[in-house]
Structure formats: C-alpha cells, structure tokens
Amino acid sequence: MRAMVYRGPYKIRVEEKDIPAIEHPNDAIVRVTLAAICGSDLHMYHGAMPDTRIGMTFGHEFIGVVEQVGSSVQNLQVGDRVMVPFNICCGSCWYCTRGLYSNCNNTNANHYAVGGIYGYSHTAGGYDGAQSEYVRVPFADVGPTLIPDWMSDEDAVLLTDAAPTGYFGAQLGDIVEGDVVIVFGAGPVGLLAARSAWLMGAGRVIVIDHLDYRLEKAREFAQAETFNFTEYRDIVLEMKKQTDFFGADVAIEAVGAEADGAFFQHVTASKLKLQGGGSPVALNWAIDSVRKGGTISVVGGFGPLFSNVKMGDLMNKGLTLHSNQTPVKRQWPRLFEHVRNGYLKPRELVTHRFPLEHITEGYHVFSSKLDGCIKPLVVPSAA
Amino acid sequence: MAYTPQKPPIAESSDALRERISGWGVDLDPKDRPSARRLVFQENTGAHWQFPERQPQKWPRERSIEHKFLTPVFGTACPPKGLSGTIRRLAYARYSEGQSAHWLLLVLADRVDAWEHHLTSFLTLRPDNPITETGVLSEFTRHGLSSRFGQHRADLKHQWLDPIVVAGPWLAAAWLVFSGARKLVRRAQS
C-alpha cells in the first residue's frame, strides 16, 4: 500500500509499505477513505516530539471502510463505513470505564501519561497512522462508530479530533452564562472552541492569532471578535483594556508547543528545541489575560519535557487550570446532535484536499501557513 | 470593574445573543455537558472483557518502567534497531518518564535515527532528497511570497533561521566529510 512516511525533521515522503495485519483478536483493518493533517502532526513533522521514528506513518484523523476484522470483533462488519476517534482505547481499564478514554491504560506501552494515539510517535504508543491507504484499528468494538447516513465525509473526519477537541476545550473552561472567553489560536481547534463557547452561553468571545486570514475565518465561522497580536505592543494589556481592566473569565489555549509571538520563547523552544515541552507563549498570555480566580483550558498539544510556564502568576491569581487530550467517544452523541442541527459546521473549516501522493506539499503548505490553509485533508489513492 | 463588587457589563444581553448566534446557550447548563464531571462510570464502552487478551510480541517490546507490565495491546511500527535503537532501549529500560534523561535520550536517538536513515538511503535506489521531501517547491505554486509578506505574520521575524535549522546539519555533515577526506588525502601524500 502507499503511505506517508517520516524521514526526519521537515522531511516526509510517500513509500510502499505492507498492508497492516490483524495483530490482536479485536483489531480491524480499515481502508482509509479520507484523512486529515492535524496541527499536532506538525510537532512531529518539525522534530519536536520525542521518539518519532524514521519510517513512522502519521495521521490520527480519519474515516474509512472496514476491510477485515479480528476473531473477537462483534460490533463491526466488513464493508461498514466508520469514523475512528484519535484515541486508541480498551474500554475496560479504570480510566476508560470512567470516561477518560484519552487516558486509557492498556494501549500505550511506551508512556504512562497518555493513551494510545494513531500515528503519533512512540510517545503515544508506536501505532502507524492513517495518512495511508490502510490502517490497523485496535479495539474495534470500542473506538469506531458507523458514520450516519446524513453526515458528510468532511464533518465525519473532523469529528474524529478537531471538532471534539474544540468543543472539549470550551467545556474545560467551565463557561457560565455571560462569561468573557478568550481563545488563543485560530486554527481548527481554536475556531471550534470559539464557536462552542457560544453554545455554552458565553457573553463575549475573543480570538487571538497572528494570521489575518484565520482571524477573518474566526469572525465569519465563530462570530468572534478578533485581535492580531502583532498589531499590539502588549496583547495581555490590550485584553485588560478590552475588559475594563478586569480580565477574561476563561482563556482557552488552542495553540500548543509551537506558539509564536515572543522571539526568545519561540526560538528556544521551536527552533532550537531547548524547551522540550514547547513554547508556552500562548499559555503564559492566557494566564496573564484571565481575571483572578479565572479558568484556563489547555487543549493545545505540548511535549513531555519542561517549559517556562508562569507558575507564579497562575498560583497568585488563584487560577484553575484544566487540560487533557479529548476523550472523543464521550463527546460524540452531543456533537452529532449539534452537527445535525447546524450549530456546528466543522466542514466549513476545510480549505485544501491533497492526494496522498502529494502529501509532502500538504505538510509544507500547512506548516508554513501558505495559500490560506486552515484544514488540509488527505485523499488516499485507494479511496 | 474589578475595584467594585460588580463585573463590567457585557455589551449584548443573553436574549440578543440567542437571537444573533445560532445555537447560543444550547449547552447552557454546566451540569449537562458530555464531560461536565470528569469521572463518570460508562455503562457500555463496547468492551466485552474485563482485561483484554494479550497481543503477541514479535520482539522484546520496549515499555515504560512506569507500567507494571507490557500493555495488552501496543503499536508495532518501526522496531528499535541500530545505534538509535540501543539508545531508545536504554532510555526505556533505565529511566522513568519523570526523569529528563529519559526524554533527552529519546531526542538524541531521534537525531541518530535520522542520520542512520539518511546515510543508508544513499546506498539505495531512492536516496533522501531534501527538495522533494520538504515540499519546498510548493512555495512557488502556493503563493509563498504573498502568503507571508504584508500579512502581519509573527514568524517573519525568525524565518531567516529556518534554512539554518533545516540545512545546517547537512552542511555541517558535508564539511565533516570533506575535511576528513582532505586529511586522509594529505596523510596519504605525506
């Protein structure tokens, strides 16, 4: 089969690989019909995620058709059209049985902190991902679900990560009616978090980024107020002014490890990899922009090492910080309703479709923010 | 404002927001959100086992020592091999995730892995090609210049570093090969 493979920082190519095999009785093999490139794939692409091995296939947002099932699979059949959460989860460990599917204890041998994730380095379990023609799906009776007939493929693929993560980010903010919510980052997750904040009763939603075309999308898609931080000497002070020197009630960090906006922080973290956890620029801005006693929600992806986070301000302001990888399966029933009712339209964020054979171009365009790119999809040749 | 008991007022009332924004407030009740309570027993996860059947190991699978045992299911991509594999096995065998040495060894192994593959690729019919593998040619077809300039982008301030970060290790390696070869030639001549 054809598959994207990692060849080192900033380098990938498409190669011929063996079609994955059933390795466990509850595995399924899925033929990928549509995949996406996620902002967090860029952390691996840039060489920022430890234990990203040469030859790894990325891709954790995908839908497809079941080609083969293991002997113990009961809920799926060959030919089913399925959407697969980015979390690989067993459904039976202490965490899964309490709804923390993203913290599954039985799927990531390499690291305790996070459960397994498709195509997300060995830090997330060493599973090959779905930017390929076929993918192995462990615990086929737990994660995947059938794609409803009424749902578009674009909505379905974005419901495997970006949409649930944006919605989950808003939930982690514990928003109550009338809250002022600042979202840092106008990528797909930030835009969906901003839109979701309204569903939870926010009184004002502000989105901050440095890319004008994404801020334009934030105004259109999320009906949010927008600020380009490069136009202000001090974006934190501007947020104070905007809120009558009170601060926001909630800040959602939807940028993660490669946040820009402070030269020293960005270069030491993202370019020179001296802050192994990543650049905390947006997180520090979030800490300083919320009111005392406010809430910070972190859904941006960070690496497992240290970062220069402003813990003093976090502690002295009495802030509550919530974070996690999104337990996708737990969000789906509500999100299916919201998509069907038209309250959330994830498909409107798709800007590019790249054939798998041209995925190298897709990564460069998305990574370098060229051509108005917000959400690129990948179409495998066997789709 | 924060100096008095009242919060600064919001410009739009809830009724006005409900009118303007489709779906405003449909998840207003914080207790009625999917992950409102972090730990909620899940009635039906799809699992029909108490503990999953174990996936067979094809090689002694490296694992975090923070796990009591190898997880019943694991990924099988890219088994560790070569010098990078030795470094990775050491990182997993000796250090927990709480120790920086664990991660720093894995980062080192990543760089060694990249060089092992770059060098061996030159022994194949498909050597690594920094032009096609970086996708840099899309700068010409995907509005590289107009996407960057006049757009208030923060990354323009440090973009000059990118060629150094990407090409620097290649140039350094080329210089090492060249200087080593020159020394050998001079030694042979003298």
For A:L34, list long-range residues whose amide hydrogen, built 1.01 Å from N in the peptide plane, is under 5 Å from its own amide hydrogen.
A:I63
Taking amide H positions as placed 1.01 Å from N in the peptide plane, with prolines and chain starts having none, which residues 5 or more places from A:L305, or on another chain, fall under 5 Å of its amide H?
A:G277
For the protein assembly as shown, give the magnitude of the charge dipole about the Cα centre (Cβ charges: +1 Lys/Arg, -1 Asp/Glu; no others), in debye to the nearest 20.
1660 debye
Mind checking the log10 I(q)/I(0) for the stretch A:69-125 at q = 0.17, 0.18, 0.24 Å⁻¹? Debye, one equal scatterer per Cα, no solvent, two decimals.
-0.61, -0.67, -0.96
Which order do A:E16, A:E216 fall in if you start with the one that has the fewest other Cβ atoms within 10 Å?
A:E16, A:E216
Of A:K292/A:K375; A:K273/A:K310; A:K329/B:K68; A:K271/A:K375; A:K17/B:K81, pairs whose Cα-Cα distance is over 30 Å
A:K292/A:K375
Shape call for the stretch A:36-117, from the Cα gyration tensor axes a ≥ b ≥ c (a/c under 1.5 means rounded, otherwise prolate when a/b beats b/c, else oblate), comes out oblate
For chain A, the longest site-free run once chymotrypsin sites (Phe, Trp or Tyr not before Pro) in DSSP loop states with at most 14 other Cβ atoms within 10 Å are removed
A:1-93
Could you identify which residue out of B:H152, B:H117, B:H102 has the top mean-square fluctuation in a GNM of chain B using Cα springs shorter than 10 Å?
B:H152
Can you put A:I235, A:I12 in order, fewest other beta carbons within 10 Å first?
A:I235, A:I12
For the pair A:W150/B:S121, report the inter-label distance in nm, with labels modelled 7 Å from Cα in the Cβ direction.
4.8 nm
With a ≥ b ≥ c taken as the square roots of the eigenvalues of the C-alpha gyration tensor of the stretch A:162-323, please select rounded if a/c is under 1.5 and otherwise prolate if a/b is larger than b/c or oblate if it is not?
rounded
Multiplying the sequence separation of B:M1 and B:I131 by 0.36 nm and subtracting their Cα-Cα distance, what value in nm do you get?
41.2 nm
Could you list which residues have their amide H under 5 Å from that of A:V84, counting only those 5 or more apart in sequence or on another chain, with H placed in the peptide plane?
A:F62
Considering only DSSP states other than H, G, I, E and B, which chymotrypsin sites (Phe, Trp or Tyr not before Pro) in the stretch B:65-107 qualify as loop sites with at most 14 other Cβ atoms within 10 Å?
B:F69
Report the rotationally averaged projected area of the protein assembly as shown based on its alpha-carbon convex hull, in square nanometres.
27.6 nm²
Chain B: most fluctuating residue of B:P130, B:P60, B:P163 per GNM, C-alpha cutoff 10 Å
B:P163
Work out, step by step, the length gained on full extension between B:L161 and B:R89: first 0.36 nm times the residue separation, then minus their alpha carbon distance; give nm to one decimal.
22.6 nm
Of B:K31, B:K157, B:K68, which is the most mobile in a GNM of chain B whose springs link Cα atoms less than 10 angstrom apart?
B:K31
How far apart, in nanometres, would the label points at B:F149 and B:R38 be if each is projected 7 angstrom from Cα along the Cα-to-Cβ direction?
5.0 nm
Describe numerically, in nm with one decimal, the distance between label points set 7 Å from Cα along Cα→Cβ at A:D18 and at A:V309.
4.1 nm
Semi-axes of the equivalent ellipsoid for the stretch B:1-153, Cα gyration tensor, largest first, Å:
46, 33, 19
For the stretch A:23-176, what class follows from the C-alpha gyration tensor (a ≥ b ≥ c being the square roots of its eigenvalues): rounded when a/c is under 1.5, otherwise prolate if a/b is larger than b/c, else oblate?
rounded
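Provide the gained length on full extension for the span B:K31 to B:S14, in nm with one decimal, where the gain is 0.36 nm per separating residue minus the Cα-Cα distance.
Details: separation 17, 0.36 × 17 = 6.12 nm, distance 1.91 nm.
Full-extension gain reported as 4.2 nm.
Give me A:S121, A:S381 sorted ascending by neighbouring Cβ count inside 10 Å, so fewest comes first.
Result, fewest neighbours first: A:S381, A:S121.
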Among A:S121, A:A193, A:S323 - extreme Cα towards positive end, dipole of the protein assembly as shown, charges at beta-carbon
A:S121
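Quick note: the coordinates plus some simple rules give every number you see, no bench work behind them. All values derive from a computational prediction rather than experimental measurement. Cβ sites come from the backbone with ideal geometry, for glycine too, and all protein chains shown count toward neighbours.
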